[in-house]
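In what follows, a single structure is set out as structure tokens and then discussed.
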Amino acid sequence: MICPRCEARLLARERTGLICGRCRQPFALEPKLTKGLQDLRLKRTVERLGDGGRVLLTVEQLRWAHQERGRPSPLPRRVPPGRLPSPHFDGVADVSLGLGLGVVSLVVAYVLAVHVPFAIVITVLAALFGLGLLATMAKPALRLARRRRIMDRWKQADLVWEEQRDALWREQEEWTTPLAERTAWPVAVFRGTVVDRWVQVYGGLPAGVVEDSAVTPVAPQGPPALAVLCPDPTVAAFLYANAFPERHGALIVATPGDLPGDLPVVVLHDASPQGCLLVAEVRAARPERPVVDAGLSARAVLTAQDRAVHLYAHQRREPLEELLRGLPRLTGAERAWYAAGLWSPLAAVPPKRLLAMAERAAERALNRHVGFLSWPVPEVPR
């Protein structure tokens, strides 16, 4: 890695203890511990996302910027543990040969003892050999004798295991594909490994990044001219941090029940069936007012392919299919994407593009240019 202080190239042995071996100054991020993320890379990411300092972004948006892109591969079906291995009855010939030799040895010892009394040593050796073989083969011989009972018991246990497996698979079929969320940076891990360490070393967040909870909601000066429905607190904090309400006279609310009845509405939502239904609900509740859908669509995510974040929500298939039946305008590809349990967060859209989407939607809503064919299409996330 390159030291953010002296810009020297450091080998692993030159940066032990998160201290540069050249300038002896601390740095925040060790690539081996942060999935390749390092100080200079994080700074470049903030500059790129913030458009050179013209756009502020939140910590959560910075976390989403490092989320793995593209559609994850499904996990294999789960199977119940505890399946018994099939019993093997190997060595049948060996057991038979051993038992035969043991019996023959005892017969020879008997013959020698009866007809050749003076051959005491040979008689004793033959008897011991025969008894030893019989003792060695006794347990395998008994197991072979119980073979049918063992097989019946194993078949019964295997049938029980298969019933458990089929029941588990039927339960899995009732849910969307059992997949991992594949969140590269869970909230607690990102804050503990990256954010807290950065603040400890540099005394604050990177320039251009604000803490979500530290953003103060500011109401527009004067009567609001626009209502923005945004259930995502990260996106709402981002809009507040970039003075969106002041520029557009916007009132940002989190639920449809908080919307005023006399203002045009812009709806910001994730690419999810619930987001699409939220737009339909608001439009049905206020047919006389402009309602602009400025959320992230499945079409935009599918167009972006591996440049967009795809996540899975483990949910029941039947309610999901019922929900999708209430969204008739979906294309076949969009419906199949949603039916697999996929969704994409609006907070993962690059901040510059997200702000442009919101501002363009606000202008359309304020100017009443919201016909059926003029609803804005969100830009493809990059």
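Every residue in region 142-180 that is assigned to a helix (DSSP H, G or I) and at pLDDT below 65, please.
Across region 142-180, the qualifying residue is only L142.
Of the listed requirements (1) modelled with pLDDT of 90 or more; (2) out of contact with any helix residue (DSSP H, G or I) (no Cβ under 9 Å at 6 or more places or on another chain), P81 misses just one: (1).
The set of residues in region 314-343 that are in contact (Cβ under 8 Å) with a residue 12 or more places away in the chain, more than 17 Å from S73 (Cβ to Cβ) and of a type in the set (G, A, S) comprises G326, A333, A339.
Can A241 be described as more than 16 Å from A365 (Cβ to Cβ), within 34 Å of the chain's Cα centre (by Cα) and in the same structural domain as I19 (by TED's automatic domain parsing)? So A241 fits the description; yes. One residue stands out in region 19-76 among those that are assigned to a helix (DSSP H, G or I), among the basic types (K, R) and out of contact with any helix residue (DSSP H, G or I) (no Cβ under 8 Å at 6 or more places or on another chain): the one that is surrounded by the fewest Cβ atoms within 10 Å (Cβ to Cβ), namely R44.
Among the residues of region 286-309, those identified as of a type in the set (A, V, I, L, M) and assigned to a strand (DSSP E or B) are V291, V292, V309. None of L49, L56, L40, L10 is at pLDDT 90 or above and touching a Gly at 6+ places or on another chain (Cβ under 7 Å) except L56.
Going through V55, V59 one at a time, which residue ends up being of a type in the set (V, I, T), out of contact with any strand residue (DSSP E or B) (no Cβ under 9 Å at 6 or more places or on another chain) and within 24 Å of A241 (Cβ to Cβ)?
The unique qualifying residue is V55.
For region 168-175, indicate whether the set of residues that are touching a strand residue (DSSP E or B) at 6+ places or on another chain (Cβ under 8 Å) and exposed (fewer than 12 other Cβ atoms within 10 Å of the Cβ) is non-empty. Checked against the condition, which is being touching a strand residue (DSSP E or B) at 6+ places or on another chain (Cβ under 8 Å) and exposed (fewer than 12 other Cβ atoms within 10 Å of the Cβ), region 168-175 yields at least one hit. Under the condition of being exposed (fewer than 15 other Cβ atoms within 10 Å of the Cβ) and in contact (Cβ under 8 Å) with a residue 24 or more places away in the chain, which residue from region 185-200 is nearest to R5 (Cα to Cα)? Selected residue: Q200. Would you be able to say whether some residue in region 267-285 is surrounded by 15 or more Cβ atoms within 10 Å (Cβ to Cβ), touching a strand residue (DSSP E or B) at 6+ places or on another chain (Cβ under 8 Å) and part of a strand (DSSP E or B)? Yes.
The values are calculated or read from the model by the stated rules, or taken from the named source; none is laboratory data. Everything numeric in this text was worked out from a predicted model, so none of it was measured. Neighbour counts are summed over all protein chains in view; Cβ atoms, including those assigned to glycine, are modelled from backbone coordinates with ideal geometry.
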